[in-house]
Structure formats: C-alpha cells, structure tokens
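Before we start, here is the structure in question, set down as structure tokens.
Quick note: the coordinates plus some simple rules give every number you see, no bench work behind them. Since this is a predicted model, take the numbers as computed values, not measurements. With ideal geometry, Cβ positions are generated from the backbone for all residues, glycine too; neighbour counts draw on all protein chains shown.
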Amino acid sequence: MSMKSELKRKSLHLTGLSVPLSYYLFGRELTLTFIGIAFFVFVILEPFRIIEELRDNIKRRLRIYVDEDVMGRVEVLEKQIDEITRSHERYRVAAHIYFAAASFIVVYFFPMEVAVGAITVATVGDALAAIVGKSFGRHRFSNGKSLEGSLAYFLSGVAILWPLVGLPLAVIGSLAGTVAEFYNLPPDDNFSNQLAIAIVIYLTDVLLL
C-alpha cells in the first residue's frame, strides 16, 4: 500500500478516537450505545463491501432511481474504499468491525481510565507505527514490521497512558500493545491491541501493585 493510501487509511482509523471522547463527554452507557449502533451498521454493510456481485446488483437497481452524477460519486467512494483496504481484508471481515467489537468489550468490562487508555493507544499507536515504519523504517524484521515503527507505538503508548494509569502501568500496557501490534495477534490486531493493553494493565494493577 502506498504512503498516500496508508495516510488515508490511518486518517479514517483515527475516527476511533471518537470512542474515548464520547466516554469523557457522555459517559459509559451512551458510549456503549454509540459503539453498539456503529457495530450493527458495520455488520449490515459488510457483505456489500466483500461481495462484489451483491454490490453490483444494488448499483444496477440504484441507476433506475438515481442520476449518473450521484452514481459517479458512489463509484468514486467505492474506489477509495478499495484503495485503503488491505489485501487480506478483501474477502474477510475488515478492521473497523474488529475495532468496534473490542471497544465495546473494553468499555463494558474495564474501568474508565483503562478503557480510554487502551482504545486511544490502539488507535494512535497503530497509526504512528504504520506511518513511521513506512517513512523511516530502516531496521526490518521478517514479518515486514520495523524497529522504528514499533518504537513509535511504544513511546506514544507510554505518553498516552502515563497520565491515566501512572508510569509503571503505562510502560507495561504500552509494551503489551506493541507486542500485539507487532505479531498481529489473532483474530486481528485492531481487536487484540485493545484487549491486550486493557487486560495487562488491569491484571498488573490488581495482582502486583
């Protein structure tokens, strides 16, 4: 994926920050409702993204009622979505569904500081790791990740978590997220990142601190 496409993808990915922002502004219950609705909409629309034949059938029917200018815009949007979709997502569940599912779990089960920190780090850290790694990555690992990208994730994670949970937990939580992002832990790193950070911080705090 080109840097331009990567930047578009990460710009869209950063909309995930609306979840911690919603938590601060509107509280836990409304945030869970917001995530639940988003997840439902994503799941309903996902078959149209994955199944090209289904998408084409819908477009053929729309042409009867919608003028060509609108259809042209729809096709431009479709092209842009394809441009920022990773190859492994073409015919399987995409990142936004995993992100929404993980966000719901984290907000529901964990304290506010842990949930806000985990979601923010997973969002910002993932974006920085990709951009820094693609732009400045010189020391590559066998899986294509770079030392520079992983360091960007880790350091941004510590900076985000420190004021929320304190420095020791920030370091441990950021390390957990870095590992999850580096190894693309299943089912998807957009799911495992948030869970890894939240679980490790919570258990470390409860059991050791």
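Can you list the trypsin sites (Lys or Arg not before Pro) in segment 100-209 that are in a DSSP coil and have 12 or fewer other beta carbons within 10 angstrom?
On the way: sites: Lys134, Arg138, Arg140, Lys145; in loops: Arg138, Lys145.
Listed in order of number, the matching sites are Arg138.
Same structure again: Give me the percent relative contact order of segment 87-209, please, defined on Cα pairs under 8 angstrom at least 6 residues apart. Let's see the in-between values first.
Working: 165 pairs, mean separation 34.8, N = 123.
Relative CO of segment 87-209 lands at 28 percent.
Another question, then. Run the simple label-point estimate for Tyr24 and Ile105 please: 7 Å along Cα→C-beta, distance reported in nm.
Distance between label points: 2.6 nm.
Now, a different point. Modelled label-to-label distance, Glu113 and Phe141, 7 Å Cα→beta-carbon offset: nm?
About 2.9 nm separates the two model spin labels.
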